[in-house]
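Contents: one structure, followed by commentary.
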Amino acid sequence: MRAAALVFLGSLFCTEAVAADLTVNVRTAAGEPIRDAVVTVHPAAGVGAQPIRFAWPQEMGQQNLQFDPFVLITPVNGDVAFPNRDGVRHHVYSFSPAKRFELKLYGKGETPTVRFEKVGVVALGCNIHDSMVAFIKVVDTPFAIKTGPTGSVTLHGLPTGAATLRVWRPYLRAPNNEVVRQLVLRDPASVEVVSAELRKPPIRHSAY
């Protein structure tokens, strides 16, 4: 009986230690890669209570009269810096329900910060330069990544089992600019191909 119990505990420990990788390819119907798509996974097993931290800089710069990057992923309750690297002043704002704020006129070398307490999409604009637009995706999962030029990303160390996959991008031709799928993550790896199309951005950008 004791030996059987030890075997059971050992198998339970091994099951908990199993992790999977997930590769997601985001492409148009014609096979063209889609960059700046935010891929998130919410495992049914949960994501734990540890603070979420990402490897990329938590900043939304202004340079050459543009925001950089175009899309930034930040964890809920994360602080984002807004450094002005231009020789002109900017007035950054958002009217998005996830975060309404204003950073009134500030100049080169100044770096105000904003905390994002609510999950969602925050669209950014500049009250001085209408062509400037960017987006911050506030997430509550550590399993989040943004596609680059290849449209392909891989998330590592996810728990196996049921999960919800979301792919969001500005101007994605889908409800709320997002494709949602239910999937099962398997050891050692799974692959998902997400086909979507992009709408043309408005000629005159504005934050919402």
When you look at F135, is it closer than 30 Å to E32 by Cα, modelled with pLDDT of 95 or more, of a type outside the set (A, V, I, L, M) and outside the structural domain of A189 (by TED's automatic domain parsing), yes or no?
yes
Scanning segment 142-189 residue by residue, those surrounded by 19 or more Cβ atoms within 10 Å (Cβ to Cβ), touching a Leu at 6+ places or on another chain (Cβ under 8 Å) and not in a strand (DSSP E or B) turn out to be F143, R169
Hey, any hits in segment 73-81 for a residue that's assigned by TED's automatic domain parsing to the domain that holds A134, surrounded by 14 or more Cβ atoms within 10 Å (Cβ to Cβ), of a type in the set (S, T, N, Q) and outside any loop (DSSP other than H, G, I, E, B)?
yes
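To keep it simple, each residue is scored yes or no on (1) touching a Ser or Thr at 6+ places or on another chain (Cβ under 6 Å); (2) under 30 Å from K108 (Cα atoms); (3) not in a loop (DSSP other than H, G, I, E, B).
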residue	(1), (2), (3)
L22	yes, no, yes
N25	yes, no, yes
D36	no, yes, no
T40	yes, no, yes
A49	no, no, no
R53	no, yes, no
P57	no, yes, no
Got a sec? Which of L103, L65 is surrounded by fewer than 16 Cβ atoms within 10 Å (Cβ to Cβ), more than 30 Å from L158 (Cα to Cα) and among the aliphatic types (A, V, I, L, M)?
L65
Just checking, does segment 152-173 include any residue being touching a helix residue (DSSP H, G or I) at 6+ places or on another chain (Cβ under 7 Å), on the phi > 0 side of the Ramachandran plot and modelled with pLDDT of 95 or more?
yes
From T28, T111, which residue is modelled with pLDDT of 95 or more and outside the structural domain of C126 (by TED's automatic domain parsing)?
T28
Taking interchain pairs and intrachain pairs at least six residues apart, which have beta carbon atoms under 7 angstrom, with the first residue in segment 33-53 and more than 14 Å from V139 (Cα to Cα) and the second charged (D, E, K, R) and surrounded by 14 or more Cβ atoms within 10 Å (Cβ to Cβ)?
P33/R27; I34/R27; I34/R169; D36/K146; D36/R169
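Condition check ((1) at pLDDT 95 or above; (2) in contact with an Asp or Glu (Cβ under 9 Å, 6 or more places away or on another chain); (3) farther than 24 Å from N176 by Cβ) across all residues:
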position	(1), (2), (3)
A20	no, yes, yes
I73	yes, no, no
V76	yes, yes, no
V80	yes, yes, no
V88	yes, no, yes
V92	yes, yes, no
Determine if segment 103-119 includes at least one residue that is of a type in the set (G, A, S) and under 20 Å from the mean Cα position of the chain (by Cα).
no
Which numbered condition trips up I128, out of (1) within 23 Å of A144 (Cβ to Cβ); (2) aliphatic (A, V, I, L, M); (3) loosely packed, with under 15 Cβ neighbours inside 10 Å?
(1)
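The values are calculated or read from the model by the stated rules, or taken from the named source; none is laboratory data. Everything numeric in this text was worked out from a predicted model, so none of it was measured. Cβ: placed from backbone, ideal geometry, glycine included. Neighbour counts: every protein chain shown.
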